[in-house]
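Enquirer: I have a structure I would like to understand better, so I am pasting it below and will then ask my questions one at a time.
Coordinate-derived values only; no laboratory data. Remember, it's a predicted structure, so these values are computed and weren't measured experimentally. As a convention, Cβ positions derive from the backbone with ideal geometry for all residues, glycine included, and neighbour counts pool all protein chains shown.
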Amino acid sequence: MIYELPKLPYAFDALEPHIDGQTMQFHHDKHHQTYVDKLNATVGGYTEFEGVGIETVLRNIKSVPEKIRLGVINHGGGHSNHSMFWMNLSPNGGGEPGGETLKAIKGEFNNFPEFKDKFTETAINTFGSGWTWLTVKDEKLVISSLPNQNSPLLDGQEPLLCLDLWEHAYYLKYQNRRAEYIKAWWNVVNWQNVEDRLKTV
Ligand code: MN3
């Protein structure tokens with residue numbers, strides 16, 4: 001087994017009432033675990049993956065054997081995206097960022113409310129299953145949605161903040177009310193984690 005499910009850095013119900021404990025438990029223990037299991041099944045027998053983090057693999061997707069490349073994009077993307085999603089959230093999250101993050105947001109989107117509106121609108125308008133991302137691309141902040149489990153790392157972008165828009169991320173509590181889930185998610189965004197990521201780009 002090359003890849004492992006990371007532990008959640010907080011209790012399942014720590015993000016309530018914004019994201020409920022049952023959703024978190026299924027999402028982490030079942031959905032994320034399945035991506036890890038399928039990724040391990042995909043790369044099983046390929047020794048070149050041993051000791052190589054999934055982010056590094058995705059950044060160098062062209063060197064992954066063609067036969068398993070799509071499996072690595074889907075399941076490796078799922079593993080990488082969810083690992084980041086948990087760290088992007090915190091029971092002490094929400095509010096507005098400071099530091100370099102705020103500076104970068106102001107530089108690209110004028111101010112935090114405009115950034116928040118644009119990210120929210122992009123998320124609401126995402127069709128089907130996918131994620132909305134804040135990334136650094138060519139030294140600029142970019143908001144975009146990507147389908148399925150496609151990682152921005154595949155495209156040379158460095159992700160700072162991600163929002164899972166698959167129905168499994170919100171359906172138990174919010175059913176079809178995706179916009180309500182998106183609105184609630186802002187209350188648990190871990191801006192310190194975003195700041196830490198920005199500093200390593
Ligand atoms: Mn998910």
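Enquirer: Please work out the C-alpha center-to-center distance from region 15-79 to region 119-177 and express it in whole Å.
Expert: 16
Enquirer: Can you list the residues of region 50-72 with backbone N under 19 Å from a point 7 Å past the Cα of ALA41, pointing along Cα to Cβ?
Expert: Correct set: 67-72.
Enquirer: Then there is this: Could you size up the charge dipole of region 20-201 around its Cα centre, putting +1 on the beta carbon of Lys and Arg and -1 on that of Asp and Glu, and report it in debye to the nearest 20?
Expert: On the way: 18 positive and 22 negative charges, 48 e Å.
Taking the Cα centre of region 20-201 as origin, the dipole is about 220 debye.
Enquirer: What FRET efficiency comes out for the pair GLU96/ASP13, r = Cβ-Cβ distance, R0 = 25 Å, nearest 0.05?
Expert: Working: r = 25 Å, r/R0 = 1.01.
The calculated FRET efficiency here is 0.50.
Enquirer: Here is a further query. For the chain, set up a GNM with springs between Cα atoms under 10 Å and report which of SER129, SER151, SER90 has the largest fluctuation.
Expert: Looking only at SER129, SER151, SER90, the largest GNM fluctuation is found for SER129.
Enquirer: Still on this model: Step through the table entries LYS62/LYS140; LYS118/LYS183; LYS118/LYS173; LYS106/LYS199, compare each Cα-Cα distance with 18 Å, and write down the pairs that go over it. Write down the numbers at each step before the final one.
Expert: Details: LYS62/LYS140 24 Å; LYS118/LYS183 13 Å; LYS118/LYS173 24 Å; LYS106/LYS199 16 Å.
Cα-Cα > 18 Å for LYS62/LYS140; LYS118/LYS173; rest within.
Enquirer: Gaussian network model of the chain, Cα springs within a sub-10 Å range: biggest mean-square fluctuation belongs to which of PRO91, PRO17, PRO159?
Expert: Looking only at PRO91, PRO17, PRO159, the biggest GNM fluctuation is shown by PRO17.
Enquirer: What nm value, rounded to one decimal, do you get for the distance between ASP138 and THR56 when each label is placed 7 Å out toward the C-beta?
Expert: Result: 2.9 nm between the two label points.
Enquirer: Pop out the ³J(HN,Hα) list for region 54-67 in order, Karplus 6.51 cos²θ - 1.76 cosθ + 1.60 with θ = phi - 60°, rounded to Hz; leave Gly and Pro as x.
Expert: 5, 5, 5, 4, 5, 5, 10, 4, 5, 8, 7, x, 4, 4
Enquirer: Comparing LYS140, LYS67, LYS173, which has the greatest mean-square fluctuation in the GNM of the chain with Cα pairs linked when under 10 Å apart?
Expert: LYS67
Enquirer: Next question, about the same structure. Show that you can apply the helix-only estimate: for the chain, add -39,500 (n - 2.57) for every DSSP H stretch of four or more residues, divide by all residues, and state [θ] at 222 nm to the nearest 500.
Expert: Values: 10 runs with 85 residues, N = 201.
For the chain, the value works out to -11500 deg cm²/dmol.
Enquirer: List the residues whose amide H sits under 5 Å from the amide H of LEU160, counting only those 5 or more places along or on another chain, with H placed 1.01 Å from N in the peptide plane.
Expert: The list, which skips near neighbours in sequence, is LEU134, THR135, VAL136.
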